[in-house]
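Notes follow once the structure below has been shown.
The values are calculated or read from the model by the stated rules, or taken from the named source; none is laboratory data. The model shown is predicted, which means the values in this text are computed figures rather than measured ones. When we count neighbours, we look across all protein chains shown, and the Cβ atoms used for this are built from the backbone with ideal geometry, even at glycine. Note: accessible area is taken over every heavy atom of the protein model, side chains too, but ligands, DNA and RNA are not part of it. Shrake-Rupley method; radii C 1.70, N 1.55, O 1.52, S 1.80 Å.
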Amino acid sequence: MDEEDVSGDVRTVPHGRSLLSSSMVGSANRGRVLQTLFDLGPTSRAELARLAGVNRTTISGIVQPLLDQQVLVEGNPIRPSEAGGKPARPLWFSPDARPICGMMLMPDAVHTCLVTLAGTISAEHSVRFPVENPRIADIESAIETCTSRTLASARREPLGIGVAVGGMVDTDRRAIIAVNLAPVLNGFELGDMLTRRYGLPALLDHHPRALLVGDRWFGKGRGMQNFAAVYTGEVLGGALYLGGHLYRGRSGAGGELGHTFVQVDGEVCSCGRRGCWETIATVGWLRRQARAIGLDTPDEINSRRLVALAGAGVPGARDLLDLYARNVAVGIANLQQTVAPNFYVLHGDVVGGGEIMAEAIAGHVRALVPSRSGGEISFAIGETEDRAALLGAAGLVLSELLQFPL
């Protein structure tokens with residue numbers, strides 16, 4: 001048995017298992033209280049105590065430091081029920097709490113903002129990268145310019161910087177592995193660069209996983225134990241939240257759903273392999289098909305415009321809409337058959353198609369997946385792309401610093 005480490009929080013016991021120190025227990029309990037607020041919205045101390053199965057004094061001991069630190073604020077008293085009792089004052093996140101810097105890094109641009117703990121976005125800035133042969137120095141300069149403009153608007157030092165990356169990442173090293181549409185970013189240790197420059201914690205994750213984190217804390221996935229996020233656009237991706245935890249895989253290698261195989265001998269993907277889901281369910285595929293059937297201005301086709309054309313009775317548009325929806329549904333059906341999250345939040349291009357596109361996708365998924373008792377599959381439309389990614393990037397920092405269980 002290892003000797004006690006009096007300076008640390010973890011004490012090692014036989015078989016490599018660890019016990020939590022009192023300070024870590026306090027952090028975990030604080031995280032659970034804050035998670036409950038995110039899930040339920042403004043909630044009184046009495047209700048928090050009831051939900052946690054503890055007395056109000058225990059909750060007050062957790063909450064009071066958060067009030068003192070301006071993380072939380074108490075709202076106006078709510079009238080008690082006819083049974084009487086003390087008026088309840090709901091707790092919620094203070095507008096004066098330290099914000100988070102959210103960043104979305106895509107192949108052609110960087111977008112930053114400040115996000116409050118209540119999910120309000122402000123101080124948005126974006127900078128596009130040079131079109132012709134950008135160097136990594138150009139990318140770093142653009143990121144720094146954009147981030148500095150945003151941080152200059154913060155009244156208090158941000159809690160950290162969260163980044164949603166449109167490419168493969170190593171979450172442990174906080175580095176970008178590969179961005180197929182912008183190879184100059186391959187190997188870029190962005191997390192280290194941001195921490196050195198701003199002295200703040202910086203966390204990276206794959207863009208679709210960040211979307212899911214945004215859904216979990218601020219969107220349609222609040223309070224859910226199992227769901228998936230699916231993104232369509234120039235690329236295709238997704239992420240899984242199973243049993244109350246985000247699935248990342250080792251070093252963030254899991255969840256590359258766009259590169260799962262749907263056609264063994266299909267088209268060549270941007271990753272160099274054949275038959276990836278991404279080859280049949282992206283905006284690029286949609287525009288090639290629109291050109292092939294003779295739709296006007298095919299390079300401007302997206303889900304929003306395709307739904308409008310189908311509604312107007314333009315020849316070929318309705319069939320193309322159905323085919324696009326089926327191609328998106330094929331990958332979702334495989335995902336449902338494998339891990340059965342049952343609830344899907346749609347992001348990206350298909351959001352522009354609204355309920356018509358969502359219902360078309362849902363119909364094909366239900367036709368492809370055998371019906372099971374208690375296994376109803378449902379869909380929701382997520383936030384607009386930029387907002388969802390920025391909220392998710394902020395959620396990465398929340399999850400880490402406040403010890404929320406992701």
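A few notes on this one:
- Only one of the numbered conditions (1) crowded, with 21+ Cβ neighbours inside 10 Å; (2) in contact with a His (Cβ under 8 Å, 6 or more places away or on another chain) is violated by Asp349, and that is (2).
- Scanning segment 375-386 for residues that are exposed (fewer than 15 other Cβ atoms within 10 Å of the Cβ), at pLDDT below 95 and of a type outside the set (Asp, Glu), we see that the one that is farthest from Tyr344 (Cα to Cα) is Thr384.
Listed here are the residues, each with its yes/no results for (1) within 16 Å of Pro208 (Cβ to Cβ); (2) at pLDDT below 95.
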{"site": "Thr297", "(1), (2)": "no, no"}
{"site": "Gly316", "(1), (2)": "no, no"}
{"site": "Leu323", "(1), (2)": "no, no"}
{"site": "Val328", "(1), (2)": "yes, no"}
{"site": "Ala333", "(1), (2)": "no, no"}
{"site": "Ile356", "(1), (2)": "no, no"}
{"site": "Leu368", "(1), (2)": "no, no"}
{"site": "Ser373", "(1), (2)": "no, yes"}
{"site": "Ala388", "(1), (2)": "yes, yes"}
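- Of all the residues in segment 27-44, those that are open to solvent by less than 30 Å² (accessible area, probe 1.4 Å), in contact with a helix residue (DSSP H, G or I) (Cβ under 9 Å, 6 or more places away or on another chain) and either among the hydrophobic types (A, V, I, L, M, F, W, C) or more than 27 Å from Leu391 (Cβ to Cβ) (or both) number 4.
- Condition met for Ala109 (of a type outside the set (S, T, N, Q) and either open to solvent by 60 Å² or more (accessible area, probe 1.4 Å) or more than 30 Å from Leu185 (Cβ to Cβ) (or both)): no
- Helices (runs of 4 or more DSSP H) lying entirely in segment 119-230 (those with 2 or more residues that are out of contact with any helix residue (DSSP H, G or I) (no Cβ under 9 Å at 6 or more places or on another chain)): 136-151, 190-198
- Any pair with Cβ under 8 angstrom, 6 or more apart, that starts in segment 208-231 at a residue that is touching a residue at least 40 places away in the same chain (Cβ under 8 Å) and ends at one that is acidic (Asp, Glu) and in a strand (DSSP E or B): Val213/Asp205
- Considering Val307, Val328, the condition of being β-branched (Val, Ile, Thr), farther than 20 Å from Val235 by Cβ and either crowded, with 21+ Cβ neighbours inside 10 Å or touching a Lys or Arg at 6+ places or on another chain (Cβ under 8 Å) (or both) is satisfied by Val307 alone.
For (1) of a type in the set (A, V, I, L, M); (2) part of a strand (DSSP E or B); (3) in contact with a Leu (Cβ under 6 Å, 6 or more places away or on another chain); (4) in contact (Cβ under 8 Å) with a residue 12 or more places away in the chain, each residue gets a yes or a no:
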{"residue": "Leu34", "(1), (2), (3), (4)": "yes, no, yes, yes"}
{"residue": "Asp39", "(1), (2), (3), (4)": "no, no, no, yes"}
{"residue": "Leu66", "(1), (2), (3), (4)": "yes, no, yes, yes"}
{"residue": "Gln70", "(1), (2), (3), (4)": "no, no, no, yes"}
{"residue": "Val73", "(1), (2), (3), (4)": "yes, yes, no, yes"}
{"residue": "Asn76", "(1), (2), (3), (4)": "no, no, no, yes"}
{"residue": "Pro95", "(1), (2), (3), (4)": "no, no, no, yes"}
{"residue": "Met103", "(1), (2), (3), (4)": "yes, yes, no, yes"}
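- Restricting segment 112-134 to residues that are modelled with pLDDT of 95 or more and more than 22 Å from the chain's Cα centre (by Cα), the residue that is surrounded by the most Cβ atoms within 10 Å (Cβ to Cβ): Phe129
- Just one residue in the set Ile59, Ile78 is modelled with pLDDT of 60 or more and either in contact with a Lys or Arg (Cβ under 6 Å, 6 or more places away or on another chain) or on the phi > 0 side of the Ramachandran plot (or both); that residue is Ile59.
- Annotation note: Cβ proximity below 9 Å between a residue of segment 110-132 that is without any contact (Cβ under 8 Å) to a residue 24 or more places away in the chain and among the basic types (Lys, Arg) and a residue that is open to solvent by 40 Å² or more (accessible area, probe 1.4 Å) and assigned to a strand (DSSP E or B) (sequence gap 6+ or interchain) occurs for no pair.
- Breaking point among (1) hydrophobic (A, V, I, L, M, F, W, C); (2) part of a loop (DSSP other than H, G, I, E, B); (3) out of contact with any Leu (no Cβ under 8 Å at 6 or more places or on another chain), for Ala281: (3)
- Matching residues, segment 352-374, being within 16 Å of Leu309 (Cα to Cα) and either free of Cβ contacts under 8 Å to residues at least 40 places away in the same chain or open to solvent by 10 Å² or more (accessible area, probe 1.4 Å) (or both): Gly352, Gly354, Glu355, Ile356, Ala360
- Look at (1) out of contact with any Pro (no Cβ under 6 Å at 6 or more places or on another chain); (2) under 22 Å from Leu257 (Cβ atoms); (3) surrounded by fewer than 19 Cβ atoms within 10 Å (Cβ to Cβ) and you find that Leu185 fails only one, number (3).
- In segment 247-268, the residues that are farther than 19 Å from Val213 by Cβ and part of a helix (DSSP H, G or I) never reach a residue that is modelled with pLDDT under 85 and among the acidic types (Asp, Glu) with C-beta atoms less than 9 angstrom apart, at least six apart or across chains.
- Test: residue in segment 187-206 that is within 12 Å of the chain's Cα centre (by Cα), among the hydrophobic types (A, V, I, L, M, F, W, C) and closer than 30 Å to Gly272 by Cα: yes
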